[in-house]
Amino acid sequence: MERSVSEKDQMSFYKNGREIYLSRLIRESKDNRIIHNTLIKYASQFGNGHNRINILSIFAGKFFFMELGIGMFGDLNINSKGEIQPTQQRLQELIEEIKLMDEVGLDFFGIGEHHRPDYAVSTPEIVLAAASTITKNIQLGSAVSVLSSSDPVRLYQSFATIDLISGGRAELVVGRGSFIESFPLYGYDLADYDELFEEKLELLLQINKNKTVTWKGKLRPELKNQQVLPRAVNDHLNIWVAIGGTPESVLRAGKFGVPAIFAIIGGDPAHFKPLFDYYREVYTHFGHKAEAMQVGVHMHSFFGENGKQTAEEYYPTYSAQMNRIGRQRGWPPYQKQQYETGRSPQGHLIIGDANESIDKILQMQELLGLTRFSAHMDVGGPAHASMMKSIEIFGTKIAPKVREALAKKKTPAAVNA
């Protein structure tokens, strides 16, 4: 019988050194899922002020470890007549989907912020607060919150509140966003696009480190000895920066020493490797510890029992969404060949059966050195039943095999130890 995690073990971990405890757990446990769950649990609940990155990186030089989860934008289904799915229906479906993610053991969920008629979610924190009451283990975050057009104080307060409600399971992923509707909606000038993000990220990170803040910038009123409350669990909120693919974004994330998640939604993922390498170089150049580095990828994904059938059935939904966005951005019509190229081993799509998906996810981890993989699963608004099946397959068939493969694989540092 596998050993359980007792209260005595927890205190041993907390007081006497987490590496000693987890080393023993790895030696004694034959079930990688127990190891994985324990890492996630302690990353969320223990560390006396240290964030979960510190705990998840304990074995960065010894064992490969990758969080597996799902990101969504809350796409509304649009049928062939142009009729848009009711937002209320999609939101209720979304809550059911998040509940299932938790039940099948996925590590995290992220929901994006959009202010358009084809998306259901404009305030991720409301959806996440609702989800926190019906889930037990899954990390809950944004994907992304548009920091440039948000107030960092209010954003921190909202996610700290979710963190408290959920028992330390909230995280915040910030970015500039791929759409610009929020700028005029909230009264921001697009001419300040880059400067807004830089300034607000600096303030957000300062708030995360200090309960009382004194700060002055150019585009937001200054703060003079202001308390920002409530505080997140252990007085620290896990904050990621989303990167679309520009060296400037990579430099910013590396300089601040924050985890980075790259959106690979087109082309050959191998072409993104120089950006990942650049992030690692910048991260360490600015004095951040390499073993604390967290880096992830966000890729369009969809899973089914039969790979070919799943791909064929999902293509109309996926291509319709690509064409809707493409018409607004001047792209040529989406072609079936693009889809098939994307599904190839050198492509950016992970759409197919469990075995195909396992191989490709492991390929991405090997290529890019990932500590997190996010499957963007609702592009185009697939049917709820299909979404539930895709989530089930990810959690029960794909994730266990990926974790098993990574558990057998030691880093070069471990081999040479």
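Taking Cβ atoms as reference points and 12 Å as the exclusive limit, the residues near K255 contribute a net charge of -3, counting Lys and Arg as +1 and Asp and Glu as -1. This ranking places V379, V233 by how few other beta-carbon atoms lie within 10 Å of each, fewest first, which gives V233, V379. For a label point 7 Å from the Cα of D194 along Cα→C-beta, name the residues of region 249-272 whose backbone N is under 17 Å from it. Counting backbone N atoms under 17 Å from the label point, the list is 249-256. The residues neighbouring T214, those whose beta-carbon lies less than 9 Å from its own, together hold a net charge of +1 under the Lys/Arg +1, Asp/Glu -1 convention. Bridging of K216 to aspartates and glutamates at a Cα separation below 18 Å is possible for D151, D192, D194, E195, E198, E199, E202, once same-chain residues fewer than 8 apart are set aside.
When the chain is fully extended, how far beyond the present Cα-Cα distance does E181 get from L251, taking 0.36 nm per residue of separation?
Values: separation 70, 0.36 × 70 = 25.20 nm, distance 2.59 nm.
So the extension gain works out to 22.6 nm.
If you add up the charges near L223, with Lys and Arg at +1 and Asp and Glu at -1, over every other residue whose beta carbon is less than 15 angstrom from its beta carbon, what do you get?
Values: positive: R154, K200, K209, K211, K216, K218, R220, K224; negative: D151, E199, E202, E222.
That works out to +4.
Report the number of Lys pairs in region 232-372 whose alpha-carbons are under 16 Å apart, with separation of 8 or more residues or on distinct chains. Don't jump to the answer; show the numbers that get you there.
Numbers: K255/K289; K273/K360; K308/K336; K308/K360.
Number of lysine pairs found: 4.
Would you mind ranking I358, I264 by Cβ crowding within 10 Å, fewest neighbours first? Display every interim value, and only then the final one.
On the way: I358 19, I264 22.
With the fewest neighbours first, I358, I264 line up as I358, I264.
By the beta-carbon count within 10 Å of each Cβ, the least crowded to most crowded order of S142, S249, fewest first, is S249, S142.
Read-outs: derived from the displayed coordinates by stated rules, not from any lab. Worth saying up front: this structure is predicted, and the values here are computed from it rather than measured. Note that each Cβ is placed from the backbone with ideal geometry, even for glycine, and that neighbours are counted across all protein chains shown.
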